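Below: one structure, written as structure tokens.
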Amino acid sequence: MADTSFDVIIIGSGPGGYVAAIRAAQLGFKTAIIENAYLGGICLNWGCIPTKALLRSAEIYHYFQHAKDYGISADNVSFDPKAVVQRSRAVSKRLNDGVGFLMRKNKVAVIWGEAAIDAPGKLTVKASKVEAPKGALGPGAYQAKHIVLATGARPRVLPGLEGDGKLVWTYFEAMAPERIPKSLLVVGSGAIGVEFASFFRTMGAEVTVVEVLQQILPIEDAEVATFARKSFEKQGIKILTGAKVTKLDKKSDSVVATIDDGKGKTQTLEVERVISAVGVVGNVEGLGLEKLGVKVERGAVVVDGQCRTNVPGIYAIGDVAGPPLLAHKAEHEGVICVEAIKGLNPHAMDRNLIPGCTYCQPQIASVGLTEAKAKEQGREIRVGRFPFAGNGKAIALGEDQGFVKVIFDKKTGQLLGAHMVGAEVTELIQGYVVAMNLETTEEELIHTVFPHPTLSEMMKEAVLDAYGRVLNF
């Protein structure tokens with residue numbers, strides 16, 4: 001008989017779940033992970049990773065179209081949508097296989113099926129509709145001293161905007177299109193919405209984005225969002241803010257959307273496809289949480305700084321434990337949760353120090369307070385900015401559009417926030433994240449030597465600008 005008793009069982013194998021399982025195994029816990037669809041969860045299979053593969057293909061296509069700007073000839077450039085999607089799926093498959101390898105390497109048992117918690121320490125796993133990987137344990141009753149919920153999230157559905165898999169897409173269908181539609185409506189301008197808008201526009205679609213709020217990229221600094229909007233519009237993306245889609249009329253191979261402009265007027269727009277990108281909601285259903293009395297608020301499991309729920313022995317991490325809904329937040333919570341179970345007393349996560357990245361063209365990255373939030377808190381601040389146009393490496397790359405912005409506490413010199421828009425900023429933001437975690441002041445950043453020529457030099461120049469010492473602009 002298969003072993004059914006463990007120290008730690010994690011429900012869900014996304015970034016939070018599989019990282020928690022590995023850390024638990026490292027700490028000597030007998031560990032199992034339960035999955036019902038695909039190892040690696042949404043991120044590896046239908047989210048973070050495959051979208052970046054698609055965007056990379058779009059980026060290469062974009063550069064070929066502008067090859068003459070670099071002194072290179074590239075005539076009759078075209079693309080094969082099926083091959084673009086196949087590459088994206090192959091990237092996901094490689095990483096999915098990698099998670100399976102990591103589970104075997106760390107001796108984490110994989111249980112295949114749909115889990116529900118019967119009582120603290122007791123679970124029942126029902127058969128999955130998806131074929132189990134080789135070596136996985138099957139349905140049945142299982143026990144664990146500690147149960148960690150890492151069930152992730154799914155696309156939010158608004159009435160009238162439900163995905164149908166053909167005309168109205170969620171990110172699942174948008175990631176594997178049979179062809180690039182000639183016209184596309186994207187509802188929502190958060191990270192998911194603008195990434196898809198950027199991809200499909202680069203690949204030739206006429207794209208319209210509708211956002212109910214007045215600012216696209218609502219959680220970003222207003223200056224960054226304004227710059228990004230102008231960049232998107234320059235690329236030909238039409239953006240409607242303060243507006244909402246009130247109705248979708250489906251035809252045989254197109255959709256007519258009715259759009260309220262928020263000022264008492266409506267318009268109709270006919271497009272081939274619609275992407276609903278209005279956020280995600282935590283997967284809290286079907287787990288037995290109500291029966292157990294686990295506290296859930298606004299679609300998320302309520303946890304403390306050690307990822308504990310209000311029911312002893314039950315924990316939650318990642319998207320199901322609330323915003324920010326980011327893979328790296330989930331991973332870090334997984335480590336915190338398991339180390340707390342072990343009694344290592346890890347530091348609680350400071351959500352203000354979690355970076356956010358959006359991989360559109362241009363890229364966007366941020367951490368900490370926006371300028372508006374800092375002012376709302378009544379802080380006296382210093383703000384520094386440095387443009388890509390003043391950086392030699394950016395000019396050499398042909399990427400001279402964008403800027404870096406930093407916000408400091410005027411009294412203490414504490415770095416409160418950093419916001420970037422432009423080429424490769426998703427690879428730069430971590431420098432500021434490290435600085436904020438180390439409670440670095442402006443003086444220490446000013447005394448730090450940055451390599452030349454690099455895009456990272458803009459990070460120091462922005463700091464210098466906040467203190468009236470900018471050198472290269």
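The values are calculated or read from the model by the stated rules, or taken from the named source; none is laboratory data. Everything numeric here is computed off the predicted structure, so don't read it as measured data. We place every Cβ from the backbone using ideal geometry, glycine too, and count neighbours over all the protein chains shown.
Which residues, counting only those in segment 409-434, are crowded, with 19+ Cβ neighbours inside 10 Å and touching a Phe, Trp or Tyr at 6+ places or on another chain (Cβ under 8 Å)? Answer for segment 409-434, where residues must be crowded, with 19+ Cβ neighbours inside 10 Å and touching a Phe, Trp or Tyr at 6+ places or on another chain (Cβ under 8 Å): Leu415, Leu416, Ala418, Met420, Val421, Gly422, Ala423. If you check Gly402, Gly413, Gly378, Gly398 for being closer than 19 Å to Asp350 by Cβ and outside the structural domain of Asp221 (by TED's automatic domain parsing), only one passes: Gly413.
Kindly indicate whether Ala466 is in contact with a Lys or Arg (Cβ under 7 Å, 6 or more places away or on another chain) and closer than 22 Å to Ala225 by Cα.
Details: in contact with a Lys or Arg (Cβ under 7 Å, 6 or more places away or on another chain): yes; closer than 22 Å to Ala225 by Cα: yes.
So Ala466 fits the description; yes.
From the list Ala372, Ala389, Ala394, which one is of a type outside the set (Val, Ile, Thr) and crowded, with 19+ Cβ neighbours inside 10 Å?
Working: Ala372 fails: crowded, with 19+ Cβ neighbours inside 10 Å; Ala389 fails: crowded, with 19+ Cβ neighbours inside 10 Å.
Going through Ala372, Ala389, Ala394 in turn, the sole match is Ala394.
One residue stands out among those in segment 435-473 that are more than 14 Å from Lys410 (Cα to Cα), more than 29 Å from the chain's Cα centre (by Cα) and among the hydrophobic types (A, V, I, L, M, F, W, C): the one that is surrounded by the most Cβ atoms within 10 Å (Cβ to Cβ), which is Val470.
Of the candidates Ile49, Ile34, the single residue that is in the same structural domain as Leu149 (by TED's automatic domain parsing), touching a residue at least 40 places away in the same chain (Cβ under 8 Å) and within 20 Å of Phe200 (Cβ to Cβ) is Ile49. So in segment 1-56, with the set limited to residues that are basic (Lys, Arg) and outside any loop (DSSP other than H, G, I, E, B), which one is nearest to Ser92 (Cα to Cα)? Per the criteria, the residue is Lys52. A search for C-beta distances below 6 Å between a residue of segment 120-147 that is on the phi > 0 side of the Ramachandran plot and any residue that is not in a strand (DSSP E or B), counting only pairs 6+ apart in sequence or on different chains, returns Gly121/Gly313.
Yes or no, residue by residue, for (1) among the hydrophobic types (A, V, I, L, M, F, W, C); (2) in contact with an Asp or Glu (Cβ under 9 Å, 6 or more places away or on another chain); (3) modelled with pLDDT under 95:
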residue	(1), (2), (3)
Glu380	no, yes, no
Val383	yes, yes, no
Lys405	no, yes, no
Glu427	no, no, no
Tyr432	no, no, no
Glu439	no, no, no
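Could you check Gln401 against (1) under 22 Å from Leu326 (Cβ atoms); (2) not in a strand (DSSP E or B); (3) not hydrophobic (A, V, I, L, M, F, W, C) and say which number it fails? Failed condition: (1). It is to be established whether one or more residues within segment 75-90 are among the polar types (S, T, N, Q) and crowded, with 19+ Cβ neighbours inside 10 Å. Yes, segment 75-90 has at least one match. For segment 84-96, does any single residue satisfy the condition of being closer than 30 Å to Thr309 by Cβ and at pLDDT below 95? Scanning segment 84-96 turns up at least one residue that is closer than 30 Å to Thr309 by Cβ and at pLDDT below 95. With respect to the conditions (1) part of a helix (DSSP H, G or I); (2) in contact with a Gly (Cβ under 7 Å, 6 or more places away or on another chain); (3) within 30 Å of Pro120 (Cβ to Cβ), Val311 falls short on a single one, namely (1). Considering the conditions (1) in a helix (DSSP H, G or I); (2) surrounded by fewer than 18 Cβ atoms within 10 Å (Cβ to Cβ), Thr246 is excluded by exactly one of them, (1). Here is a list of conditions, (1) under 30 Å from Leu149 (Cβ atoms); (2) surrounded by fewer than 17 Cβ atoms within 10 Å (Cβ to Cβ), and Lys265 meets all of them except one; can you say which number that is? Here Lys265 meets the rest and fails (1). Residue check: Ala340 meets all listed conditions (1) crowded, with 17+ Cβ neighbours inside 10 Å; (2) over 17 Å from Ile9 (Cβ atoms); (3) in contact with a Pro (Cβ under 7 Å, 6 or more places away or on another chain) but one, namely (2).
A search for C-beta distances below 6 Å between a residue of segment 241-265 that is farther than 17 Å from Val186 by Cβ and any residue that is of a type outside the set (A, V, I, L, M), counting only pairs 6+ apart in sequence or on different chains, returns Gly262/Gly242. In segment 317-330, the count of residues that are acidic (Asp, Glu), closer than 28 Å to Thr426 by Cβ and surrounded by fewer than 19 Cβ atoms within 10 Å (Cβ to Cβ) is zero.
If you filter segment 412-441 down to residues that are among the small types (Gly, Ala, Ser) and outside any strand (DSSP E or B), you find that the one that is farthest from Glu195 (Cα to Cα) is Gly413.
Of the strands (runs of 3 or more DSSP E) that lie entirely inside segment 136-207, those containing 1 or more residues that are closer than 26 Å to Leu287 by Cβ and modelled with pLDDT under 95 span 153-155. Regarding Glu272, is this residue touching a residue at least 40 places away in the same chain (Cβ under 8 Å), more than 27 Å from Lys145 (Cα to Cα) and of a type outside the set (Gly, Ala, Ser)? For Glu272, the condition - touching a residue at least 40 places away in the same chain (Cβ under 8 Å), more than 27 Å from Lys145 (Cα to Cα) and of a type outside the set (Gly, Ala, Ser) - is met. Among residues of segment 1-21 that are on the phi > 0 side of the Ramachandran plot, those with a beta-carbon under 6 Å from a residue that is of a type in the set (A, V, I, L, M, F, W, C) at least six positions away or on a different chain give the pairs Gly12/Ala150. For the residues Asp69, Asp75, Asp80, Asp118, the requirement of being closer than 30 Å to Val255 by Cα, over 25 Å from the mean Cα position of the chain (by Cα) and of a type outside the set (Phe, Trp, Tyr) singles out Asp80.
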